[in-house]
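First up is the structure itself, then whatever we jot down about it.
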Amino acid sequence: MDSHFLEFLGNLLISGAKGMETLKPFAQWMNQGMKGVETISTLFQKCYGIKEPQPDPSDESNRWEASIKEFTASYREFLTLLGVVPIPIHLELQKKCRAQEKTILEQKELISDLKQKLYEKESTDSKTDSKTFSDLMENQSDQFQKMIETLQTILKPKSGK
């Protein structure tokens, strides 16, 4: 953070402590692109040692733009130190969070549907397996019965001898 920013912030807070309403005008000034609120603009100019920018591309206009960039960078750094998230970033994160929550809900529904299909398939497979096993046992039983009958006819004493 640059010293001009700290001086500006200190004067702003001192004015607020003395009962002057400066925080709302400061927010308004920031939202208007560092324009519009005369008391805050004057304080900014005083702390940064610059004059109001002129329409021509003079050195003073360049200093004004450089001061605004320096101030903005220091302001963001200050907010970061305090753990404050700017509103646009907060809104973007909320949007992403809602999208992820929607995705999670869709995935939960998909998982539930897949589990249900798997259960139905396992149930069908189980019935099929049970039927297949039952058919196999019946087939083996029939074959065993035929084998016994064949053995009886082979081993049966012949009455003609």
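Where a number appears in this text, it was derived from the coordinates with a stated rule and is not lab data. Computed from a prediction, not measured in an experiment: that's the story for all the values here.
Taking 20 °C and 1.002 mPa s as conditions, the chain diffuses translationally at an estimated 89 µm²/s according to Stokes-Einstein applied to its Kirkwood radius (Cα pairs). Cα axis of helix 59-82 to longest principal axis of the chain: angle in degrees, 0 to 90, nearest 10? Result, in degrees: 50.
Nearest 10 degrees, 0 to 90: what angle lies between the long axis of helix 87-155 and the longest principal axis of the chain (Cα atoms)? Its long axis makes an angle of about 10 degrees.
For the chain, the longest principal axis of the alpha carbon atoms and the long axis of helix 38-48 meet at an angle near 90°. In this structure, the residue pairs whose Cα-Cα separation is over 28 Å, taken from Lys24/Lys46; Lys18/Lys51; Lys96/Lys117; Lys24/Lys51; Lys95/Lys115; Lys131/Lys156, are Lys96/Lys117; Lys95/Lys115; Lys131/Lys156.
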